[in-house]
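Bear in mind that the values in this text are calculations on the coordinates, not laboratory data. Bear in mind the structure is a predicted one, so any value in this text is a computation, not a measurement. Glycine also receives a Cβ, built like all others from the backbone with ideal geometry; neighbour counts cover every protein chain displayed.
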Amino acid sequence: MGVPYDHNKLKDKHMKILSKKHSPLLLIILLVSSYTFKSCTEDPYKPETLGSIEGQVMDAETNNPLSNVTITTKPSTEVILTDETGFYQIANIDTGRYSVVAEKDDYQTKMLGILVKEDHVSNVNFLLKKSDASSGDINFTGSFYPSNGAENMPPNLTLSWKAMEGRSSDSLNYSVELFNSNNTKQYYSAEDIRDTSLTVEALQYNKVYYWQVSAYNKRGDTTRSEIQSFKTRGISQNAFYFVRKVDGNYEIMAYDRDNDLVNRLTYNSYRDWAPRINRNNNMLAFVNNSEVKTQIYTMTRNGENITRITNIEVDGYHNQGNAFDWDEDRGKIIFSHYENLYEVNADGTGLNPIATAPDERNFRECQLSPDNSQIVAVTIGSKIYESEIYLLNRDGTNPQLLVDDLDGIVASPSFSIDGESILYTHDVSGNQTREGRMLNSHIFRYNLASGTTTDLSSNKPLGTNDLTPTYSPTGNKILFTNVVNDGSQPKEIWMMDINGDNREKVVDNGELPNWK
């Protein structure tokens, strides 16, 4: 039976491990850590901060200094040896938590935790005991999952192993360490496990992980396994991104169409919402309300390097945080804040106003044209059904009313790939209630040259709403959300031809798809 892996409880814990002897691989391999979704409060800039570790290694019985003791750290920094006085020093390393490991033949290996602070020398001294030959009675049988070097592993999986003490494994406990190959700040550890398995979750995509198991008995004898490695699968370039409700929270997902897989990118107790892909730099922008107000963040398409971009919230009349988009050519993001549209650089600098909504109106949604020369936007009044669609230049000039304030909610404008038409939704039932319930929302295509409108939802099931349409990257398909109008079932993501034919469901429990 797998043991659930709790990041908050197990992260940063060092294991009390004793070991007789290790292979040279342990002394040289980079065993570094990972943590997929640390938080959504990271600043756009983080200056380099450095500190040092030093100490002395002594024989626990004689109190004599021990030379030629191998000193390593987890996460890995460098491998050094103690001098004739037992002294060692590791200088100019990144601040953060480390485990310092001291190893010498015929002595028990010892590991101690330390917090390295900026411009500070952290002292870690060791007393090493002679090793007990009886520890050799503990042996790993070589049965590990994933097998060493395995690839294309999922981000949630159960590690398993087998070890024996003589003829029985009943008296053994285990500790496990799991390291990411690219992160030198944290690592996963779990200790005092009775089962021979451990469930790990929220691993990063397209990363090599190293892991090692230590088995120990009640006498304190310990044996470490050989280091194992595996690589997680990456996010397909053909994936589209969407939002799914998981355990009461909204998370960012990627649907890998090539392999029919749903990949989870965020693990958070807040609402992660409205992913927007920038294919020029392979970055995702999304919003999160961990700061109470909804702010814009970016991350890689694999869910790494989450960084807060904005300092003013994406908000306004009935604004769910959808009102932002990439200007891919300029590396900027445009977004709404009540009656104003702003632009900001992808690193959070250079905030500038672009446009102001009409009197008594706020911006609720916006999108840039494929050539980034125009913006299509929804403006809205204090009542949720008071909405219309405008087209304006990239600099906010020359606003043109495309879709007037109609009976029933108007929403979700989206440019075609050629920029010649716009998709939008309209609740043709004309329902106008305070809570904004829609009874019969259809997808329409508006031709910018002719001003004609085409209903694409004539084949829609009765009693449902078509919402949030977007074109595929090739422009030959439309991806959208469909949901029963009483909200009794989860939203679903569907696809259809650009003329509305051949509707098919793609993903259960999903909404707000973005594929461009």
Of all DSSP beta bridges with both partners in the chain, the antiparallel percent, nearest 5, is 95
Potential lengthening between LEU406 and ASN447 on full extension [0.36 nm per residue; Cα-Cα distance subtracted]: 12.9 nm
Label zone at ASN206, where the point sits 7 Å out along the Cα-to-Cβ direction: the range 257-279 residues whose backbone N lies under 20 Å: 257-267, 275-279
If you place +1 on the Cβ of every Lys and Arg and -1 on the Cβ of every Asp and Glu, how big does the dipole about the Cα centre of the chain come out, in debye to the nearest 20? 1360
Taking the dipole of the chain about the Cα centre (Lys, Arg +1; Asp, Glu -1; charges at Cβ), the one of TYR267, SER229, TRP515 that reaches farthest to the positive side is SER229
Cβ density ranking, 10 Å radius, fewest first, applied to PHE230, PHE363 yields PHE230, PHE363
Obtain the nm distance between the two label points defined at ASN509 and SER236 by a simple spin-label model: each point lies 7 Å from its Cα along the Cα-to-C-beta direction. 2.1
Tell me, what is the FRET efficiency for THR49 and GLU435 to the nearest 0.05, using R0 = 51 angstrom and their Cβ-Cβ distance as r? 0.55
Could you work out how much longer the chain between ASP501 and ASP347 gets when fully extended? Use 0.36 nm per residue separation minus the Cα distance between them, nm to one decimal. 51.3 nm
For a quick check: sort MET111, MET58 by the number of other beta carbons within 10 angstrom, fewest at the front. MET58, MET111
Counting Lys +1, Arg +1, Asp -1, Glu -1, what net charge surrounds VAL57 among other residues with beta carbon under 13 Å of its beta carbon? -2
Indicate the gyration tensor shape class of the range 406-516 (rounded, prolate or oblate), computed on the Cα atoms with a ≥ b ≥ c the square roots of the eigenvalues: a/c under 1.5 is rounded; otherwise a/b larger than b/c is prolate and the rest oblate. oblate
Counting Lys and Arg as +1 and Asp and Glu as -1, what is the net charge of the other residues whose Cβ lies under 10 Å from the Cβ of ASN68? -2
The FRET efficiency for ASN123 and ASN156, from their Cβ-Cβ distance with R0 = 41 Å and rounded to 0.05, is 0.55
In whole angstrom, the spacing between the Cα centers of the range 427-488 and the range 238-300 equals 23
Only helical DSSP H runs with n ≥ 4 go in: add -39500 (n - 2.57) per run for the chain, normalise by residue count and round the 222 nm mean residue ellipticity to 500 deg cm²/dmol. -500 deg cm²/dmol
What number comes out for the charge environment of ILE334, summing +1 per Lys or Arg and -1 per Asp or Glu over other residues with Cβ under 13 Å away? -3
